[in-house]
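S.K.: The structure under discussion is supplied below as structure tokens; questions concerning it will follow.
The values are calculated or read from the model by the stated rules, or taken from the named source; none is laboratory data. Being a predicted model, the structure only gives us computed values, none of them experimental. Cβ coordinates were reconstructed from backbone atoms using ideal geometry, including for glycine residues, and neighbour counts include every protein chain displayed.
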Amino acid sequence: MSVLVIAEYCSEGLKSATLNAISAGLQLGKVDVLVVGYDVKSVAQEVSKAQGIEKVILVDDKIYEGGVAENISLLVADMADDYTHILAPATTIGKSVIPRIAVLKDCQAISEITEIISEKSFKRPIYAGNAIITIETSDEKVFATIRSTAFEAVELSSSSSIEEKPAGTDTALTKFISSELVKSDRPELTSAKTIISGGRAISSAESFALIGKIADKLGGAVGASRAAVDSGFASNDCQVGQTGKVVAPDLYIAVGISGAIQHLAGMKDSKIIVAINNDKDAPIFQVADYALEQDLFEVLPELEQSL
Amino acid sequence: MRVIVPIKKVIDSNMQIRIKADKTGIEDSGVKMAMNPFCEIALEEAIRLKEAGKATEVVAVCVGNQKSEDVLRSAFAMGADRCILIVTENKIEPIDVAKTIATVARHETPGLIITGKQTIDDDNNQTGQMISALLGWPQITFASEISLENDKIISRREIDGGAQKVESKLPAVITADLRLNEPRYASLPNIMKAKKRTIESATIEQMGIETKSRIKIINIEEPPQRKAGVKVSDVKELIEKLKNEAKVI
Ligand SMILES: Cc1cc2nc3c(=O)[nH]c(=O)nc-3n(C[C@H](O)[C@H](O)[C@H](O)COP(=O)(O)OP(=O)(O)OC[C@H]3O[C@@H](n4cnc5c(N)ncnc54)[C@H](O)[C@@H]3O)c2cc1C
Ligand SMILES: Nc1ncnc2c1ncn2[C@@H]1O[C@H](COP(=O)(O)O)[C@@H](O)[C@H]1O
């Protein structure tokens, strides 16, 4: 089997989800990594250290700035003949390009794989993780996104060659204008070891700041329920859940979050879950390892003081 | 400008799902069904474009069995001008849905197709991307804000770590993010009127689409269940347990 993994990155560099996707790829066969974008040489350098890979292919051109899916898809579709599997982490670029490349090759894509059974058979969650389906594809090639929390990341401790390739066709369909990235000194949500998330009950952005302070003491990231994001306490990219981010840290602390299935979909694979809620019947308690039934406005200041 | 909104009928998001005894599907008889929430957002956006004078007609299209008519009635009640049901009794995969919608689009020549970003049953997040690839149109995934200017569209997309602004040519395919808008509730008089409206209909075969099952379901199982843990009485005990028992802080 020969596997191509499309790397995901951001302005800070390589996204660690790429390393989880590589590890999934290595279960299938030999792995090449494609870094396509604009001004992404350093990303190629970084990922070339990933253990176990054959080589990195770098395509650096302004037509890929901001991850323009139409152009990336054409490029990868042209490379597809050399590979049996084309994988990407289930992150923004991966989700945008994998279905598009698949259909250009008349194949059905497979989203958010959590387990590899064989080269053509995979497990993935459906219904917000309330069921796990095992499927087998009869398509000639596999185009899939990889759920990063389900695969260990490979280490960055080796070195392989970087092969530069010229850009493909510019479809000129979509042009990147600008990006607004949320600046934060905290670890990134999807790779953080500790996450503290707040829900609707936090009631104000000021109180939500306390969640941030505790996160800093724990060296962790801040998450939020949809209700907290919609109320404006936290930014969109903090949302954990079916339509937000899927996380699986060592420690997840849910504060004033009821535990709706759409929220659980994003965090129930965390190692240790702590729930802080004043309603003993809150569904979040059914998945919590440690349940503290108390008013969060008493708990948060005390927690912040004692850490 | 015409806007097409592809709509899927799914099990209502508040329902607890049950896996069928033979482990090859999810029980859907006697279960409350609804329009996929992201399709509601897509439809709302199309209706707002019409209300703002930027679109002339909103056409909702569903690929599904005969019983999917009721989500199209909901689409009429929200404000769709026309509804089309492409009938297939088989469960079909995103690639075939995309081929069907692309074929409808070639007949209807819309300026925009707005899909939901994902269905909440299969959680695919694929169909919009596939439609745009088949038509060779721009794709704007996870749109949270759009504005039309003559022959182009400026969009804000939700991306990991923030947002991004892009400019695309028209016609284009947009996939609606949660934060594109807050869909309206249909009024009772509109729900009543929708019952009398005519749904245009054709079979998937009449559309010339050859569907093919590429993905075989081997098994569907429950996810591993977590055991409920222990109660702690205060912050002090919590910290003690996290330090010494779980060893995570
Ligand atoms: C299609 C779709 C997608 C969705 N995607 C997501 C998603 O990705 N992520 C997500 O989170 N949600 C998502 N949702 C929304 C989800 O269904 C819930 O509405 C949401 O998670 C509720 O957020 P919450 O728990 O903060 O608020 P609530 O459900 O209102 O819960 C607040 C909790 O705080 C507790 N509380 C109140 N006061 C206090 C106090 N003083 N001290 C301690 N506890 C207190 C209450 O007992 C309650 O349990 C989605 C919904 C749909 C339909
Ligand atoms: N059977 C269908 N009929 C019409 N539209 C669909 C259908 N399936 C998916 N879609 C559209 O594609 C979007 C994304 O679905 P999916 O790719 O299945 O997650 C949905 O929100 C709909 O807009």
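S.K.: Criterion first (within 11 Å of ligand 2 (Cβ to nearest atom), at pLDDT 95 or above and hydrophobic (A, V, I, L, M, F, W, C)) does B:V166 satisfy it?
M.R.: Details: within 11 Å of ligand 2 (Cβ to nearest atom): no; at pLDDT 95 or above: yes; hydrophobic (A, V, I, L, M, F, W, C): yes.
Answer is no for this residue.
S.K.: Out of segment A:117-128, which residues are in a helix (DSSP H, G or I) and either more than 8 Å from chain B (Cβ to nearest Cβ) or buried (at least 24 other Cβ atoms within 10 Å of the Cβ) (or both)? Show your work before the answer.
M.R.: Residues of segment A:117-128 that are in a helix (DSSP H, G or I), as a first pass: A:127-128.
A:Y127 - this is the single residue of segment A:117-128 that is in a helix (DSSP H, G or I) and either more than 8 Å from chain B (Cβ to nearest Cβ) or buried (at least 24 other Cβ atoms within 10 Å of the Cβ) (or both).
S.K.: Report, by residue number, each residue of segment A:234-257 that is away from ligand 1 (no atom under 12 Å from the Cβ) and closer than 20 Å to B:A246 by Cβ.
M.R.: Of everything in segment A:234-257, those that are away from ligand 1 (no atom under 12 Å from the Cβ) and closer than 20 Å to B:A246 by Cβ turn out to be A:A248, A:P249, A:D250, A:L251, A:Y252, A:I253.
S.K.: Restricting attention to segment B:55-66, does a residue exist that is in contact (Cβ under 8 Å) with a residue 24 or more places away in the chain, more than 24 Å from B:N219 (Cα to Cα), away from chain A (no Cβ under 14 Å) and surrounded by fewer than 20 Cβ atoms within 10 Å (Cβ to Cβ)? Spell out how you get there, then give the answer.
M.R.: Going residue by residue through segment B:55-66, those that are in contact (Cβ under 8 Å) with a residue 24 or more places away in the chain are B:55-65.
Within this subset, residues satisfying the condition of being more than 24 Å from B:N219 (Cα to Cα) are B:55-63.
Now restrict to residues that are away from chain A (no Cβ under 14 Å): B:55-63.
Filter once more, keeping what is surrounded by fewer than 20 Cβ atoms within 10 Å (Cβ to Cβ): B:56-57.
Within segment B:55-66, one or more residues are in contact (Cβ under 8 Å) with a residue 24 or more places away in the chain, more than 24 Å from B:N219 (Cα to Cα), away from chain A (no Cβ under 14 Å) and surrounded by fewer than 20 Cβ atoms within 10 Å (Cβ to Cβ).
S.K.: Starting from residues that are buried (at least 22 other Cβ atoms within 10 Å of the Cβ) and among the β-branched types (V, I, T), keep the ones in segment A:264-285 and report whichever is nearest to A:L251 (Cα to Cα).
M.R.: Out of the qualifying residues, it is A:I273.
S.K.: Among the residues in segment A:93-109, are any touching a residue at least 40 places away in the same chain (Cβ under 8 Å), surrounded by fewer than 24 Cβ atoms within 10 Å (Cβ to Cβ) and either touching a Lys or Arg at 6+ places or on another chain (Cβ under 6 Å) or more than 8 Å from chain B (Cβ to nearest Cβ) (or both)?
M.R.: Residues of segment A:93-109 touching a residue at least 40 places away in the same chain (Cβ under 8 Å): A:93-95, A:97-99, A:101-102.
If we keep only those that are surrounded by fewer than 24 Cβ atoms within 10 Å (Cβ to Cβ) as well, we get none.
Within segment A:93-109, not a single residue is touching a residue at least 40 places away in the same chain (Cβ under 8 Å), surrounded by fewer than 24 Cβ atoms within 10 Å (Cβ to Cβ) and either touching a Lys or Arg at 6+ places or on another chain (Cβ under 6 Å) or more than 8 Å from chain B (Cβ to nearest Cβ) (or both).
S.K.: Among B:A42, B:A34, B:A52, which is the only one that is at pLDDT 95 or above, within 16 Å of ligand 1 (Cβ to nearest atom) and surrounded by fewer than 19 Cβ atoms within 10 Å (Cβ to Cβ)? Give the derivation first.
M.R.: On the way: B:A42 fails: surrounded by fewer than 19 Cβ atoms within 10 Å (Cβ to Cβ); B:A52 fails: within 16 Å of ligand 1 (Cβ to nearest atom).
The unique qualifying residue is B:A34.
S.K.: Just one of the numbered conditions (1) touching a helix residue (DSSP H, G or I) at 6+ places or on another chain (Cβ under 7 Å); (2) facing chain A (nearest Cβ under 8 Å); (3) aliphatic (A, V, I, L, M) is not true of B:A186; which one?
M.R.: The failed condition is (2).
S.K.: Still on this structure, I have one more. Out of (1) within 14 Å of ligand 2 (Cβ to nearest atom); (2) surrounded by fewer than 22 Cβ atoms within 10 Å (Cβ to Cβ); (3) over 25 Å from B:Q206 (Cα atoms), the odd one out for B:S29 is which?
M.R.: B:S29 satisfies all of (1) within 14 Å of ligand 2 (Cβ to nearest atom); (2) surrounded by fewer than 22 Cβ atoms within 10 Å (Cβ to Cβ); (3) over 25 Å from B:Q206 (Cα atoms) except (1).
S.K.: Can you tell me which residues in segment B:208-233 are surrounded by fewer than 18 Cβ atoms within 10 Å (Cβ to Cβ) and more than 7 Å from chain A (Cβ to nearest Cβ)?
M.R.: B:G208, B:E210, B:K212, B:S213, B:P224, B:Q225, B:K227, B:S233
One line per residue, one yes/no per condition, for (1) under 18 Å from B:A77 (Cα atoms); (2) small (G, A, S); (3) assigned to a loop (DSSP other than H, G, I, E, B); (4) within 13 Å of chain A (Cβ to nearest Cβ):
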position: B:V5; (1), (2), (3), (4): yes, no, no, no
position: B:S13; (1), (2), (3), (4): no, yes, yes, yes
position: B:K23; (1), (2), (3), (4): no, no, yes, yes
position: B:S29; (1), (2), (3), (4): no, yes, yes, no
position: B:F38; (1), (2), (3), (4): yes, no, no, yes
position: B:I41; (1), (2), (3), (4): yes, no, no, yes
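S.K.: Given the criteria at the interface with chain B (Cβ under 7 Å from one of its Cβ atoms), β-branched (V, I, T) and out of contact with any Phe, Trp or Tyr (no Cβ under 7 Å at 6 or more places or on another chain), does A:T114 qualify? First the steps, then the outcome.
M.R.: Values: at the interface with chain B (Cβ under 7 Å from one of its Cβ atoms): no; β-branched (V, I, T): yes; out of contact with any Phe, Trp or Tyr (no Cβ under 7 Å at 6 or more places or on another chain): yes.
Against the criterion (at the interface with chain B (Cβ under 7 Å from one of its Cβ atoms), β-branched (V, I, T) and out of contact with any Phe, Trp or Tyr (no Cβ under 7 Å at 6 or more places or on another chain)), A:T114 does not qualify.
S.K.: Looking at segment B:102-114, can you tell me whether even one residue there is assigned to a helix (DSSP H, G or I), touching a helix residue (DSSP H, G or I) at 6+ places or on another chain (Cβ under 6 Å), away from ligand 1 (no atom under 16 Å from the Cβ) and within 14 Å of chain A (Cβ to nearest Cβ)?
M.R.: Yes - at least one qualifying residue is present in segment B:102-114.
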